[in-house]
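Enquirer: Structure below; questions to follow.
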Amino acid sequence: MGGAMVASSHPGVSLAGARVLDSGGNAVDAALAMAAMSWVALPGQCGVGGDAFALLRRPDGTVVSFGGSGFGPDGGWPGFYRDRGLAAIPLEGALAVAVPGAVAALAELHKAAATRDLEELWAPAIAAAARGLPCTVKTHLDIVEHETALAKDAGAAAVFLPRGRPLRAGEPLVQAELAATLRRLAGAPGAFYTGALAERAVAALTAGGAPFSGEEWAAGGSALIGPSVTVRYQGLTVHQTPLPTPGWMVLQQAGLCDGELSRLPWLSAEAVHWAAGAARIAFADRLAACASGNDRWQELLTPASLASRRRRIDRGEVTGLAPSPVPFDGDTTSVVAVDATGQAVTLIHSLAFTFGARASVPETGVLLNNRLGRGAYLRDGHPNEVAPRRRPLHTLNAWIVTDEAGRLRHVGNTPGGDGQVQWNMQLLSHLIDHGANPAEAVGAPRFTVFPGSDADVLARAPELRCESRLGGAALERLRELGHDVVTQGAWAAGGSALVISAGEEPGVLLGAADPRQDGVALGV
């Protein structure tokens, strides 16, 4: 393999990675540079105060997972929240926050295979934060949507409402405090979890009423490292991120769709019906029993389990299956990088909802996630019920596809809350079942079962949300098959999918970024 390529959801982020590759860095170097630039360029979608997960395919064909996802507070027993009259963990403020894992995950990824120091790799992001990047239209709209919440936090207001109004598109987004924090963490990533910076974060959270001890914050500095989880699909191996991510849900859908979607016309009503049924089953199974501390998902991938669930789809029993009273929201971003040795990285990171908990650590520029509020349940006896030292379940996941010899075939991911596990399966089917190229895969009409299995708010009736480009005949046929179809705009489903594929000829890479956002794939 002679070429190298990156893809992201922001041109400046992709450019940062391409420059690293062009100057001789490897895929890990490029991904780390892009991750830091994402923190600066896409502050509503990711950040130092969020989580991150990555898969690394080494040149020898092995695939390793890196997980950065922390615990809620040590005093966060269910009774703590119920004593305060809460029916669910809040989605804003200190009570919503879990210990951020992104810095820990990126530090371990760096140790594993980078060739350059973090100071060098993060220098462009630090400079961009200090001088200010142009505010994007998306970030401007995010600020407008959350202006009231951001105004309550002095640190967030200074950055996003610098003149008492939302920053406008094109105006410089200056993050001087974040630049100083990144400079410090580039030299010592562990300083985020112990020492003065960690103490400041814990003090801010306890002042906000969250029962952090500081010990769980220090424990968040230990990333989750291990093998990927896998399944065979059409003769290839699909690698996914393990718990607490829902990577197993993509694998379960693959097991339910293997041999079915390949025989059905691409994006026909019958194909959408089958894939939607597989997604609904995965969400129902997730809600019923799965949590970050158990192995129930392994049983769901057994031949007997898959066969019984296939029969349910075949009988049309799952079109109206609604697993949970949940929201469908979230804001995430991701990067993909492949180098000339065939080393590949797919990395996804998030604050959970847009701007996370809408709370910052004073004088650091760090916005904190709301992953605990989004991912942990307040349901008696549920394996995902909030508890100290239990990581809340995640929506983030990423994938790599290899052939029987371990050679790279495809690498990708997509943001999108509970849409992720569905759209990733759709991407895999487009690429593997129907031979689509990356541009065709990321641009194909998208469909989404709703609701998924997030933790909060009101019960919603089951829907199958479909982009109008599926066509009137297919949408009407889906209604006949029992789906409550909601037609969306032609490109309105959401997500920002990224795919890089190894071409048929050695050294050829094909890549694409989703036209639904501002991304770009760049080769060097």
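Enquirer: Looking only at residues in the stretch 245-273 that are of a type in the set (A, V, I, L, M, F, W, C) and not in a helix (DSSP H, G or I), which one is nearest to D433 (Cα to Cα)? Give the derivation first.
Expert: In the first step, residues of the stretch 245-273 are kept if they are of a type in the set (A, V, I, L, M, F, W, C); the result is 248-251, 254, 256-257, 261, 264, 266-267, 269, 271-272.
In the following step, the residues that additionally are not in a helix (DSSP H, G or I) were identified as 261, 264, 266-267.
Details: L261: 7, L264: 9, W266: 9, L267: 11 Å.
Per the criteria, the residue is L261.
Enquirer: In the stretch 97-139, which residues are touching a Leu at 6+ places or on another chain (Cβ under 6 Å) and farther than 19 Å from A31 by Cα?
Expert: Within the stretch 97-139, V97, A98, G132, L133, C135 qualify.
Enquirer: Taking the condition of being assigned to a loop (DSSP other than H, G, I, E, B) and either of a type outside the set (G, A, S) or surrounded by 24 or more Cβ atoms within 10 Å (Cβ to Cβ) (or both), how many residues in the stretch 274-292 meet it?
Expert: Of the residues in the stretch 274-292, 1 are assigned to a loop (DSSP other than H, G, I, E, B) and either of a type outside the set (G, A, S) or surrounded by 24 or more Cβ atoms within 10 Å (Cβ to Cβ) (or both).
Enquirer: Give the residue that is nearest to L150 (Cα to Cα), with candidates limited to residues of the stretch 51-70 that are buried (at least 24 other Cβ atoms within 10 Å of the Cβ) and out of contact with any Ser or Thr (no Cβ under 9 Å at 6 or more places or on another chain).
Expert: Within the stretch 51-70, the match that is nearest to L150 (Cα to Cα) is G70.
Enquirer: Within the stretch 294-301, is even one residue in contact (Cβ under 8 Å) with a residue 12 or more places away in the chain, part of a loop (DSSP other than H, G, I, E, B) and in contact with a Gly (Cβ under 8 Å, 6 or more places away or on another chain)?
Expert: Looking for residues that are in contact (Cβ under 8 Å) with a residue 12 or more places away in the chain, part of a loop (DSSP other than H, G, I, E, B) and in contact with a Gly (Cβ under 8 Å, 6 or more places away or on another chain), one finds at least one in the stretch 294-301, hence yes.
Enquirer: For residues in the stretch 81-91 being surrounded by fewer than 18 Cβ atoms within 10 Å (Cβ to Cβ) and not aliphatic (A, V, I, L, M), which is nearest to A201 (Cα to Cα)?
Expert: If we take residues in the stretch 81-91 being surrounded by fewer than 18 Cβ atoms within 10 Å (Cβ to Cβ) and not aliphatic (A, V, I, L, M), then R84 is nearest to A201 (Cα to Cα).
Enquirer: Looking for something assigned by TED's automatic domain parsing to the domain that holds M425, surrounded by fewer than 16 Cβ atoms within 10 Å (Cβ to Cβ) and at positive phi - is there at least one such residue anywhere in the stretch 228-235?
Expert: Yes: the stretch 228-235 contains one or more residues that are assigned by TED's automatic domain parsing to the domain that holds M425, surrounded by fewer than 16 Cβ atoms within 10 Å (Cβ to Cβ) and at positive phi.
Enquirer: Can you say whether F212 is of a type in the set (F, W, Y) and either modelled with pLDDT under 95 or touching a strand residue (DSSP E or B) at 6+ places or on another chain (Cβ under 6 Å) (or both), as far as the supplied structure shows? Write out each step before concluding.
Expert: On the way: of a type in the set (F, W, Y): yes; either modelled with pLDDT under 95 or touching a strand residue (DSSP E or B) at 6+ places or on another chain (Cβ under 6 Å) (or both): no.
In short, no.
Enquirer: What number of residues within the stretch 200-236 satisfy the criterion of being not β-branched (V, I, T) and not in a helix (DSSP H, G or I)? Even if it seems obvious, please write down each step before you answer.
Expert: Here is the first cut: in the stretch 200-236, the residues not β-branched (V, I, T) are 200-201, 203-205, 207-224, 226-228, 232-236.
Those still in the list that are not in a helix (DSSP H, G or I) too: 208-214, 220-224, 226-228, 232-236.
Number of matching residues: 20.
Enquirer: Here's something else I'd like to know. Among the residues of the stretch 412-439, which ones are touching a strand residue (DSSP E or B) at 6+ places or on another chain (Cβ under 8 Å) and in a helix (DSSP H, G or I)?
Expert: The answer is G419, Q420, Q422, W423, N424, Q426, L427, L428, L431, I432, P438, A439.
Enquirer: What are the residue pairs meeting all of these: first residue in the stretch 99-116, first residue of a type in the set (K, R), second residue crowded, with 18+ Cβ neighbours inside 10 Å and in a helix (DSSP H, G or I), Cβ atoms under 8 Å, and 6 or more apart or on different chains?
Expert: Matching pairs, first to second residue: R116/V20; R116/D29.
Enquirer: What's the number of the condition W423 fails, among (1) more than 14 Å from the chain's Cα centre (by Cα); (2) farther than 30 Å from G208 by Cβ?
Expert: Single failed check for W423: (1).
Enquirer: Follow-up question, since we're still on this one. Scan the stretch 478-498 residue by residue and report those that are surrounded by fewer than 18 Cβ atoms within 10 Å (Cβ to Cβ) and either in a helix (DSSP H, G or I) or not assigned by TED's automatic domain parsing to the domain that holds I313 (or both).
Expert: Passing the criteria: R479, E480.
Enquirer: Kindly establish whether A204 is surrounded by fewer than 21 Cβ atoms within 10 Å (Cβ to Cβ) and either within 23 Å of G155 (Cβ to Cβ) or more than 24 Å from the chain's Cα centre (by Cα) (or both).
Expert: Judged against the criteria, A204 is not a match.
Enquirer: Follow-up question, since we're still on this one. Surrounded by fewer than 21 Cβ atoms within 10 Å (Cβ to Cβ) and either among the small types (G, A, S) or touching a residue at least 40 places away in the same chain (Cβ under 8 Å) (or both): is that true of R131 in this structure?
Expert: For R131, the condition - surrounded by fewer than 21 Cβ atoms within 10 Å (Cβ to Cβ) and either among the small types (G, A, S) or touching a residue at least 40 places away in the same chain (Cβ under 8 Å) (or both) - is met.
Enquirer: Anything in the stretch 8-17 that is touching a strand residue (DSSP E or B) at 6+ places or on another chain (Cβ under 6 Å) and either surrounded by 24 or more Cβ atoms within 10 Å (Cβ to Cβ) or not assigned by TED's automatic domain parsing to the domain that holds A352 (or both)? List them, or say none. I'd like the intermediate steps shown before the answer.
Expert: Filtering the stretch 8-17 for residues touching a strand residue (DSSP E or B) at 6+ places or on another chain (Cβ under 6 Å) gives 8-9, 11, 14, 17.
Of everything in the stretch 8-17, those that are touching a strand residue (DSSP E or B) at 6+ places or on another chain (Cβ under 6 Å) and either surrounded by 24 or more Cβ atoms within 10 Å (Cβ to Cβ) or not assigned by TED's automatic domain parsing to the domain that holds A352 (or both) turn out to be S8, S9, S14, G17.
Enquirer: Sticking with this structure for a sec: Which pairs have Cβ atoms under 7 Å, sit 6 or more apart or on different chains, and link a residue in the stretch 412-428 that is closer than 15 Å to L55 by Cα and assigned by TED's automatic domain parsing to the domain that holds Q253 to one that is of a type in the set (F, W, Y) and modelled with pLDDT of 95 or more?
Expert: As it stands, the answer is G412/W399; N413/W399; T414/W423; N424/W399, since those pairs meet every condition given.
Enquirer: For the structure I just gave you, tell me whether L368 is at pLDDT 95 or above and either assigned by TED's automatic domain parsing to the domain that holds V202 or buried (at least 22 other Cβ atoms within 10 Å of the Cβ) (or both).
Expert: Taking the combined requirement at face value, the residue satisfies it.
The values are calculated or read from the model by the stated rules, or taken from the named source; none is laboratory data. Just so you know, these numbers come straight off a predicted model, no measurement behind them. Cβ atoms come from the backbone with ideal geometry, glycine included; neighbour counts cover every protein chain shown.
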